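The values are calculated or read from the model by the stated rules, or taken from the named source; none is laboratory data. Keep in mind it's a predicted model, so treat the numbers as computed, not measured. Cβ: placed from backbone, ideal geometry, glycine included. Neighbour counts: every protein chain shown. Accessible surface is based on the protein model in full, side chains and every heavy atom, while ligands, DNA and RNA are left aside. Shrake-Rupley method; radii C 1.70, N 1.55, O 1.52, S 1.80 Å.
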Amino acid sequence: MSATSDSLDLFTPMFKHFRRLSAADCFTQAYSVTSHPSFFDHCPITTSIDLDESLGLKPISSWSLYSCLFSNGLYFLSNPFTSVGQHQWIHRALNDYARQTKTSVGDNSNNEQLARIRWATLGYHYDWTNKIYKDDDHTKMPNELAKLCQIIMHVISSSTNCPMMQAEAAIVNYYHLNSTLCAHTDHSEYDALTKPLISYSFGNAAVFLIGGQTKAECKPSPILLQSGDIILMTGSSRLCFHAVPRILSDPLLKEILCEHLDDECCWSYIHDKRININVRQVYS
Ligand code: OGA
Ligand code: MN
């Protein structure tokens, strides 16, 4: 039987390719601004605002924002965080977000359970079974995360023509070095097509694949995401299939995070993990 356009899957072979590749080859084949500059279009940042120190951000004048030419509506903001800032966000993800809210482990009060955690939800809690949010299952979005998203959204939307979004829900993903995230689209939000999604990476690196709105539409492109990097999915990329086939131990991580810092507890967790904070607007 010949493959029809519905059954043709261009996504899975690329996922398997990155599963099998050596870490060194993943670092060189996945797109970064330095390894594949022609795939990234620099967007000058046209705004300047005062930043609250608790957000852990470098001055906006030093940020580098790019539009990704391989996926319409995908933006890449190269790590705008200080090393202390990255440390603070990892600390919040572990000590606040993993402990106070709904998580993949029921009792999340002790460190042993924490080492096994895979996800936590914030704001409107995602119901994984029914793939919906419910308006009566809600806790307050953490103030500092809402503030961070407001700043990032303001900077990106004033430098591009992308619409704003309100941070109403977040999924925090905790990855081990052998974890993966399968191909999926995020379409449970009411106005997914017009409301961007912001995704923060902390800790070890990842290969992030982004394809088309069906698995048959195009071959997915691999992006290298490192600690502090932010991607924003808007326009047609917002509804595209994406996945994380690979987490990569980052040889520079200790240097990035532990400079001037004395927090063994955070390092003992993150040295072989990656944390992704994935923020969405749920209601229009
Ligand atoms: C998600 C997601 C990507 C990542 O949580 O929906 O796509 O980079 N995460 O971990
Ligand atoms: Mn997703």
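Here are some notes:
- Selection over region 142-177 of residues that are within 16 Å of ligand 1 (Cβ to nearest atom) and either in a loop (DSSP other than H, G, I, E, B) or buried (at least 17 other Cβ atoms within 10 Å of the Cβ) (or both) gives a count of 14.
To keep it simple, each residue is scored yes or no on (1) in a helix (DSSP H, G or I); (2) more than 14 Å from ligand 1 (Cβ to nearest atom); (3) more than 30 Å from MET14 (Cβ to Cβ); (4) out of contact with any Leu (no Cβ under 7 Å at 6 or more places or on another chain).
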position	(1), (2), (3), (4)
ASN95	yes, yes, yes, yes
ASN130	no, yes, no, yes
ASP135	no, yes, yes, yes
LYS140	no, yes, yes, yes
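- Here the condition is being of a type in the set (Gly, Ala, Ser), touching a helix residue (DSSP H, G or I) at 6+ places or on another chain (Cβ under 6 Å) and more than 13 Å from ligand 2 (Cβ to nearest atom); of GLY203, GLY211, it holds for GLY203 alone.
- Residues that are open to solvent by 30 Å² or more (accessible area, probe 1.4 Å), in a loop (DSSP other than H, G, I, E, B) and aliphatic (A, V, I, L, M) within region 19-74 comprise VAL33, ILE45, ILE49, LEU51, LEU69, listed in sequence order.
- Criterion (within 16 Å of ligand 2 (Cβ to nearest atom) and of a type in the set (Lys, Arg)) met by exactly one of LYS131, LYS140, LYS147: LYS131
- Test result for CYS258, out of contact with any strand residue (DSSP E or B) (no Cβ under 7 Å at 6 or more places or on another chain) and more than 30 Å from GLN166 (Cα to Cα): yes
- Looking only at residues in region 178-193 that are within 12 Å of ligand 1 (Cβ to nearest atom) and among the acidic types (Asp, Glu), the one that is nearest to the chain's Cα centre (by Cα) is ASP186.
- The residue pairs whose first member lies in region 188-199 and is in contact (Cβ under 8 Å) with a residue 12 or more places away in the chain, whose second member is open to solvent by 10 Å² or more (accessible area, probe 1.4 Å) and among the small types (Gly, Ala, Ser), and whose beta carbons are closer than 7 Å, counting only pairs six or more residues apart or on different chains, are TYR190/SER284; ASP191/SER284.
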